[in-house]
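Q: Pasting a structure below so you can have a look.
The values are calculated or read from the model by the stated rules, or taken from the named source; none is laboratory data. What you are looking at is a predicted structure, and each value in this text was computed from that prediction instead of being measured. As a convention, Cβ positions derive from the backbone with ideal geometry for all residues, glycine included, and neighbour counts pool all protein chains shown.
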Amino acid sequence: MILFIFFLASAFSLQSLPPTVSSPEFSADGTVLELDDSNFDSAISAFDFILVDFYAPWCGHCKRLSPELDAAAPVLSRLKEPIVIAKVNADKFTRLASKYEIDGFPTLKLFMNGVPIDYFGPRKADLLVQFLKKIVVPDVSLLESDSAISNFVETAGTHFPIYIGFGLNESMISEFAIKYKKKAWFSMAKGFSEEVLVLHDFDKVPALLSLHPSHNEQSVFYGPFEDDFLEDFIKQNLLPMAMPINYDTLKLLKDDERKIVLAIMEDESDEKSLKLINLLKSAASANHDLVFGYVGFKQWEDFTDTFEVNKKTKLPKMIVWDRNEEYLSVIGSENLDEEDQGSQIMRFLEGYREGRTVQKRIAGPSLIGYLKSLISIRTLYLLVVVVGGIMLIQTISKEDEREVRQRRHTQDRIDDSSSSASESETREVYRPEDKED
């Protein structure tokens, strides 16, 4: 009897256990992993760093991104800290899409030790590799020699600014290196010669050197090295001295509270505009409280139209923009002549600081507002489905009501007919007693 009870208890306990799920083996072999509901969690836990592309088969942007990921995957897999690339058909595996709040395609998320963060970095293979390499390096790289410094700059590439401390303690910048890790490279030179100082055109330490390789720009900070001053220098040098204003660069300005001195030019790539851009850089070096940017009417006509610029407008035109619905025009200094533009920019800045301005509203929603207001394809699709469902339900309900009313009306007519027929039958039916002799 005791054995029988033990057998029943064992059988019951086995039935109550959830089924065992075996985790498949994964390897960082340079291929892009295809994940689904059955193996997603196993893959995320198998790697310290895994970039996941949530895509839809019908999405054009997803199709263009796919070969870039295929090209980046083998390079990232060979890093000292390998990064794996995977993809999920979020249009099919909706549970995963819902869990990770995927509302547009493609959406990239980097899982670091199982914790997801949104990836907003570049998507071309070479730039994507540079960006992700930065994620897995130490917050502050220690450079022990001149060759280590040059190797660090070369490895860092040209997409992000580089900060190198000379004669500083690592702890002085470690806090900011963590805070701005996704936006810049940070390092500390522990061993260096005079030749490095000459190469980068500064002559004393302690100093913090900022490099923007893609724009061939550099800046040196000699202190004071208190937190506020040091962070201001780092924040101001995250951006080039004069930057093109477009969809990507506006994202970089998301956390920057400074106003933009914006030069609107005919064509941002022609020779005249390049000279103006250099003048904007010179002005930026003396006005760190402002962001200096430029945009070409030829490249971004729809955007420049919001600042009352059209084919008849005299260009270049200068404004000060807060990246929202308002901008400032400096009285008497709005348009630049071809001669002595450097002096005209100085007068424009003087007029702005002295308040000789007119406040205007842009002709439509700001570009940032426009970007925020964009509804993703998936959200739009769901919205259409929901609205369509509601309309269908309402239509069916109306048809049901109409059918019910029609039935009632028909039944009432039938009832009326039946009642009339009964009366008629009652009157006309032959009865023996009615027979007349």
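Q: State all residues of segment 187-202 that are among the acidic types (D, E) and either assigned to a helix (DSSP H, G or I) or outside the structural domain of A148 (by TED's automatic domain parsing) (or both); if no residue qualifies, say none.
A: Step one: list which residues in segment 187-202 are among the acidic types (D, E), which gives 194-195, 201.
Correct list: E194, E195.
Q: Would you say I50 is part of a loop (DSSP other than H, G, I, E, B) and either of a type outside the set (A, V, I, L, M, F, W, C) or touching a residue at least 24 places away in the same chain (Cβ under 8 Å) (or both)?
A: Values: part of a loop (DSSP other than H, G, I, E, B): no; either of a type outside the set (A, V, I, L, M, F, W, C) or touching a residue at least 24 places away in the same chain (Cβ under 8 Å) (or both): yes.
No.
Q: Considering only segment 269-289, how many residues are within 21 Å of R323 (Cα to Cα) and free of Cβ contacts under 8 Å to residues at least 40 places away in the same chain?
A: Just the residues of segment 269-289 that are within 21 Å of R323 (Cα to Cα), to begin with: 277, 280-281, 283-284, 287-289.
Now restrict to residues that are free of Cβ contacts under 8 Å to residues at least 40 places away in the same chain: 277, 289.
Residues flagged as within 21 Å of R323 (Cα to Cα) and free of Cβ contacts under 8 Å to residues at least 40 places away in the same chain within segment 269-289 amount to 2.
Q: Return yes when V196 is among the hydrophobic types (A, V, I, L, M, F, W, C), more than 27 Å from L280 (Cβ to Cβ) and surrounded by fewer than 17 Cβ atoms within 10 Å (Cβ to Cβ) and no when it is not. Full working, then the answer.
A: Details: among the hydrophobic types (A, V, I, L, M, F, W, C): yes; more than 27 Å from L280 (Cβ to Cβ): yes; surrounded by fewer than 17 Cβ atoms within 10 Å (Cβ to Cβ): no.
The answer is no for V196.
Q: Here is a further query. Among the residues of segment 45-79, how many are under 21 Å from I117 (Cβ atoms) and of a type in the set (D, E, K, R)?
A: So the count comes out to 3.
Q: Looking at segment 305-323, is at least one residue closer than 19 Å to L253 by Cβ, modelled with pLDDT under 60 and not small (G, A, S)? If you could, list the steps in order and put the result at the bottom.
A: Pass one, segment 305-323, residues closer than 19 Å to L253 by Cβ: 306-307, 318-323.
Adding the requirement that they be modelled with pLDDT under 60 leaves none.
No, there is no match, as no residue in segment 305-323 is closer than 19 Å to L253 by Cβ, modelled with pLDDT under 60 and not small (G, A, S).
Q: Please tell me if F160 is in a loop (DSSP other than H, G, I, E, B), hydrophobic (A, V, I, L, M, F, W, C), free of Cβ contacts under 8 Å to residues at least 40 places away in the same chain and assigned by TED's automatic domain parsing to the domain that holds D232.
A: Numbers: in a loop (DSSP other than H, G, I, E, B): yes; hydrophobic (A, V, I, L, M, F, W, C): yes; free of Cβ contacts under 8 Å to residues at least 40 places away in the same chain: yes; assigned by TED's automatic domain parsing to the domain that holds D232: yes.
Yes.
Q: While we're here: Given the residues S150, S98, which is the only one that is part of a helix (DSSP H, G or I), out of contact with any Gly (no Cβ under 8 Å at 6 or more places or on another chain), hydroxyl-bearing (S, T, Y) and more than 30 Å from S193 (Cα to Cα)?
A: Every option except S98 fails the conditions.
Q: Separate question: With I173, I117 as the choices, which residue is in the same structural domain as F225 (by TED's automatic domain parsing) and either within 30 Å of E194 (Cβ to Cβ) or touching a strand residue (DSSP E or B) at 6+ places or on another chain (Cβ under 6 Å) (or both)?
A: Numbers: I117 fails: in the same structural domain as F225 (by TED's automatic domain parsing).
It is I173.
Q: Pick from L250, L238: which is outside any loop (DSSP other than H, G, I, E, B) and either buried (at least 16 other Cβ atoms within 10 Å of the Cβ) or in contact with a Cys (Cβ under 8 Å, 6 or more places away or on another chain) (or both)?
A: Working: L238 fails: outside any loop (DSSP other than H, G, I, E, B).
The conditions single out L250.
Q: Next question, about the same structure. Considering only segment 110-131, state which residues are within 13 Å of A156 (Cβ to Cβ) and touching a helix residue (DSSP H, G or I) at 6+ places or on another chain (Cβ under 7 Å).
A: V129, the sole residue that qualifies.
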